[in-house]
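Working notes, beginning with the structure itself.
Every number in this text was worked out from the coordinates using simple rules, so none of it is lab data. Computed from a predicted model, the values in this text were never measured in an experiment. Positions of Cβ are generated from backbone atoms using ideal geometry, with glycine treated the same way; all protein chains shown enter the neighbour counts.
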Amino acid sequence: MTRKKIALFTIFLILTAVIIMTIRVISEKNDLLHDKISYYQKIEEYEKQWIISNQTENGAILTYEKEDETTNWANPYFANLAAGALMEGHPTEEEKDAVRRYLSWYLKHINSSEEDPINGAGTIYDYEITVTRTGEEKSISKRSYDSVDSYASTFLKAASDYISVTQDTKWLAENSPTLQQVAGALLGCINAEGITLAKTDYPVYYLMDNCETNAGLKAMKVLQKQGVVFSQGNEVKGYLEKNAEYVKEGFWRNGEYIIGLDEDGEVLENNKSSIYPKTIVQIYPIAWKVLDKKEARAEQIYQTLCDNWQWEEMDYREQGSSRSYWPVLAFVGALMGDEDRVETYMKNYMKVVEKDHGYPIHIDDAAWIIKTCEEMKSYYQNKLVTLF
């Protein structure tokens, strides 16, 4: 063999070794990423099953862990978020059916103008529900609700998510008139600047509510494309643009977000030592994607959060400033690509719920956990390396 052939053969062996080593490294890295994806997939499935286990035969989704002969709370706002979360990822037929039954339950319980003379048609009350050991369901209206704008907007979001995933045109056609009433309740809260008050008998413009209003207006646009005709349909785009602008800039005062405005436009006082509402308010525009995660302000807000709270360790609970677990924090962490803090938070959360989903865990928590899992799965999917 000539020297030239020996040199070429040597180069070939070296290149082959490098390629084999590279493939091995990539393969090991991908295996680790697949493990991460599997980890979050299992948590997502676990939380979805818990939400479904909290659904009654009539379609309501109970707020707290369902127990026979125990009075529970059917809060439509929390249930809307839970139903929307069931549509995350690749929902099973069981999950799709659960959402359809819940949406139908909601629409069957919306108020007429006679039932709600203060805020009008399309609103919905909270309910107390007791399920007996024999499966009998006793439901009592509390004839009250926390808000009109958030209930309506999160319902429209859940409905648009369901339709986008299932293309269930039959359900949509059957329920279009009542969907219009819910949209009417939301738009009945909106002002010329595109922001909504919580309800007419509590005229406060909350930032958190308006982040959800933004999602509700986006959902109306989706439903419009599916053929739903809203009485103020031509104004939805304008409202959405104004709402987004006001959420991002109108509520931003002196380098931070305010919690809201009263009916006279005065800034509401805030408890600066507590994580809620002070800190949660700051991250809500990011969580509802009114403020893009790549914007400098979003990065500033998130860094401030991490500087002030070890949220992944749930230190806010140790300080006694909150009884809630606030997994929306983990969702924002996932959006910002903070994999270490998110994983730490998730391990702490799962230590709690693997025993049981007892109080104060509720379906809203499970919803944000599911959304966090989806975001982290996508994050790691994007890191996978294709060899060929």
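Worth pointing out:
- Full extension of the chain between residue 268 and residue 53 yields a length gain of 73.5 nm, computed as 0.36 nm times the residue separation minus the alpha carbon distance.
- Shape index of region 120-245: Rg/Rh, with Rg the Cα radius of gyration and Rh the Kirkwood radius from the inverse mean 1/r over Cα pairs, equals 1.02.
- Sum of side-chain charges, residue 90 neighbourhood, beta-carbon under 13 Å (Lys, Arg +1; Asp, Glu -1): -4
- Sum of -39500 (n - 2.57) over DSSP H runs of 4+, divided by residues of the chain (222 nm, nearest 500): -18000 deg cm²/dmol
- In order along region 65-81, phi translates into HN-Hα couplings of 3, 6, 9, 4, 6, 10, 6, 10, 10, 9, 9, x, 4, 4, 5, 4, 5 Hz, rounded to whole numbers, per the Karplus curve 6.51 cos²θ - 1.76 cosθ + 1.60 with θ = phi - 60° and x for Gly and Pro.
- Lys-Lys pairs in region 282-388 that are eight or more residues apart or on separate chains and whose Cα atoms lie under 28 Å of each other come to 22.
- Among 45, 245, 114: highest mean-square fluctuation, GNM of the chain, C-alpha pairs under 10 Å: 114
- For region 250-259, Karplus couplings with θ = phi - 60° (6.51, -1.76, 1.60), whole Hz, Gly/Pro x: x, 8, 8, 9, 6, x, 7, 8, 8, 6
- Within the listed set 78, 155, 251, the residue fluctuating most in the Gaussian network model of the chain (springs between alpha-carbon atoms under 10 angstrom) is 251.
- The GNM of the chain, with springs linking C-alpha atoms under 10 angstrom apart, assigns the highest mean-square fluctuation among 210, 243, 254 to 254.
- Cα convex hull of region 321-388, projected area averaged across orientations, nm²: 5.4
- The Cα-based radius of gyration of the chain, divided by its Kirkwood radius, gives an Rg/Rh of 1.06.
- With the charge dipole of region 228-318 set up from +1 on Lys and Arg Cβ and -1 on Asp and Glu Cβ about the Cα centre, the Cα lying farthest toward the positive end among the listed residues 302, 284, 231 is that of 231.
- Amide H within-cut-off set for residue 124, under 5 Å, with H built and near neighbours excluded: 111
- Residue-count net charge about residue 144 - beta-carbon cut-off 15 Å; Lys, Arg +1, Asp, Glu -1: -3
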